[in-house]
Amino acid sequence: MKGDHLGNLRVEPEDIITRDEMVFDLAKRLDVPITMLLSGGYQYSNAQNIAESISHLHQRHRVLG
């Protein structure tokens, strides 16, 4: 993300959601079970972005209970 001086990948919050969607869609198409481990990196500010991605996946795929 912008301001990430260690990662320097410039991954934006919407990119996290897109990445997670790609993984879940592929697993679903291939009928492969998936386990999601929480991430968040080393910046406190990433927590909200990860939470939004998980919420999006839950709403779209009815995953995580």
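A few comments on the model shown:
- Counted charge near MET22, where neighbours are those whose Cβ lies closer than 12 Å (Asp, Glu -1; Lys, Arg +1): -1
- Annotation: peptides 49-60, 23-34, ranked by per-residue average of other Cβ atoms within 10 Å with the highest first, follow the order 49-60, 23-34.
- Over all other residues within a Cβ to Cβ distance under 12 Å of LEU57, the charged ones net out to 0, with Lys and Arg as +1 and Asp and Glu as -1.
Quick note: the coordinates plus some simple rules give every number you see, no bench work behind them. Remember, it's a predicted structure, so these values are computed and weren't measured experimentally. FYI the Cβ positions are ideal-geometry reconstructions off the backbone, even for glycines, and counts take in every protein chain you see.
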